[in-house]
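Notes to accompany the following structure.
The values are calculated or read from the model by the stated rules, or taken from the named source; none is laboratory data. What you see is a predicted model; the values in this text were computed from it and never measured. Positions of Cβ are backbone-derived with ideal geometry, glycine not excepted, and every protein chain shown enters the neighbour counts. The accessibility values were calculated without ligands, DNA or RNA, using every heavy atom of the protein model including side chains. Shrake-Rupley method; radii C 1.70, N 1.55, O 1.52, S 1.80 Å.
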Amino acid sequence: MKTIHLQTNSPQILTFIAVFLLMTSNFKSHAFFDFQQQLNSYKAFKGTVYDAQTKTPLTFADISVIDTNISTITNTEGEFLLKIPDNLLNATVSFSFLGYSEQKIKISDLTNHPKIHLQPNVTSLAEVNLTAPESALSLVEATLKRKGENYINEQKIMTGFYRETIKKRNKNASLSEAVVEIYKQSYQSKKGDKVRLIKARKNTDYTKLDTIALKLQGGPFSTLYVDMIKYNQFIFNEGNLNNYDFSFENSTQIDNRKVYVVNFKQKPQIQSPLYFGKLYIDTENYALISAIYNLNVTDAEAASKLFIKKKPNKVRVLPTEAAYRVDYKTQNGKWHYRYSNIQLAFKVNWKGKLFNSNYTLNSEMAITDWQDNNSKVLSYQESFKPSMILSDEASGFSDPQFWGEYNIIEPEKSIESAIKKINKQLAKN
């Protein structure tokens with residue numbers, strides 16, 4: 001089988017590997033780890049989060065059960081699904097979003113698919129500039145230097161939900177999902193995070209992929225590496241900060257905390273493709289709360305060299321978009337990785353063919369629960385490896401109650417439609 005290997009593991013870009021595989025008629029799916037779920041009963045709540053003024057849905061809004069580690073996020077349509085154990089049904093849920101006032105609602109008030117409206121809350125820079133560093137660059141430097149005191153310094157075991165979709169011309173061609181157990185290392189440690197698959201499922205419709213199928217190597221690791229505080233060497237480090245221009249924008253709020261907004265972009269004289277975007281930094285302790293950014297793919301040929309490791313001579317692959325997002329959450333005075341998203345778009349052209357093929361790969365992961373880890377060790381045999389492809393390790397879509405009590409990111413309508421079609425195909429077979 002011929003392959004086109006795509007990678008971004010140079011010092012200038014996230015360690016991230018995608019692979020284009022030529023289609024074959026012999027595709028095998030394998031179940032990965034069997035897992036016995038806990039028997040605790042729970043209740044599921046669905047709803048939608050909106051901007052109170054514009055009435056538009058809020059994507060990636062944070063939803064947390066107060067005084068617990070249980071949480072989820074809204075999907076691209078503002079919808080959420082939150083599963084809560086029966087012993088917590090008297091608790092309160094917090095709804096928050098960057099730039100909006102937090103809203104707290106009793107779980108008993110979340111019945112009948114509620115519509116949650118959050119109020120925008122914009123703070124001018126003048127209100128917080130009494131403690132502002134002398135420049136945006138010095139603020140970013142302080143953020144990187146304080147990761148040891150601002151972020152978790154002990155290993156945690158986190159439960160996360162991971163979803164990976166591949167589309168060709170806006171149609172779902174491949175879908176993989178997993179509940180994972182993450183051995184999140186201290187932010188002061190140089191050790192990398194480890195991952196174990198708890199439950200996973202997949203489906204690929206090769207009829208939509210013509211002669212090329214795109215697969216993501218590393219699966220959940222790709223989203224973990226977007227954690228720019230833990231893996232800052234891939235984006236910002238002391239050696240490359242001077243390659244960027246940093247500037248302040250009007251400040252905002254998240255969870256009633258004032259937040260600096262820092263714009264960054266590569267300097268005009270820097271030729272290599274770097275990043276541009278926004279950093280959201282807490283005004284009190286200089287912790288990074290969120291980052292939304294893109295790789296500069298204006299020079300598509302140069303950007304493609306950061307992705308492509310090996311390919312057939314007759315294929316030309318050019319990135320048209322590389323967008324990233326990472327969010328953090330605070331608990332007991334320490335911040336930790338909360339959510340990340342990657343969206344990559346490629347134009348694939350076979351020599352001699354009139355039309356190009358356009359592919360979009362989206363991967364995201366949300367932490368839905370976590371606990372301290374005092375003694376548990378993940379063995380090499382149990383570990384999901386960065387070299388693995390999730391869709392090769394997962395089972396197919398079959399059981400509608402597959403996830404049980406695990407919190408997941410509510411599927412958007414296009415994914416729901418794809419899952420229904422997959423289940424119909426399985427029923428016919």
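Placing Arg169, Arg325, Arg338 in order of accessible area, with the largest value first and a 1.4 Å probe, yields Arg169, Arg325, Arg338.
Which of rounded, prolate, oblate describes region 183-315, given a ≥ b ≥ c as roots of the alpha-carbon gyration tensor eigenvalues and a/c under 1.5 marking rounded, otherwise prolate only if a/b is larger than b/c? Cα axes put region 183-315 in the oblate bin. Spin-label pair Lys145-Asn313: with each label point 7 Å from Cα along the Cα-Cβ axis, the two points sit 5.4 nm from one another. Between Lys104 and Asn69, take the C-beta separation as r, use R0 = 25 Å, and let me know the FRET efficiency to the nearest 0.05. Using R0 = 25 Å, I get an efficiency of 0.90. Among rounded, prolate and oblate, which fits region 268-419 when a ≥ b ≥ c are the square roots of the eigenvalues of its C-alpha gyration tensor, a/c under 1.5 means rounded, and a/b larger than b/c means prolate? Verdict is oblate for region 268-419.
Computed from phi, the 3J(HN,Hα) profile of region 236-251 under the Karplus parametrisation 6.51, -1.76, 1.60 (θ = phi - 60°) reads 10, 8, 4, x, 10, 4, 6, 7, 10, 9, 10, 8, 7, 10, 3, 6 Hz, with x in place of Gly and Pro. Cβ-Cβ distance of Ala44 and Asp299, R₀ of 41 Å, FRET efficiency by 1/(1 + (r/R0)^6): the value works out to about 0.30.
Take the Cβ atoms of Glu284 and Tyr380, set R0 to 51 Å, and the FRET efficiency comes out at 0.80.
Take 52-60, 219-227, 70-78 and order them by the average number of nearby Cβ atoms within 10 Å per residue, most first; the result is 219-227, 70-78, 52-60. Each label was represented as a point 7 Å from its Cα along the Cα-to-Cβ direction; for Glu238 and Phe355 these points are 5.4 nm apart.
Between Lys413 and Thr111, the modelled label-to-label distance comes to 2.8 nm, taking each label 7 Å out from Cα in the direction of the beta carbon. Sparsely packed loop sites in region 344-429 (the chymotrypsin sites (Phe, Trp or Tyr not before Pro) outside DSSP H, G, I, E and B with at most 12 other Cβ atoms within 10 Å) comprise Phe355, Tyr380.
Surface composition of region 233-392: carbon and sulfur atoms hold 47% of the protein heavy-atom accessible area at a 1.4 Å probe.
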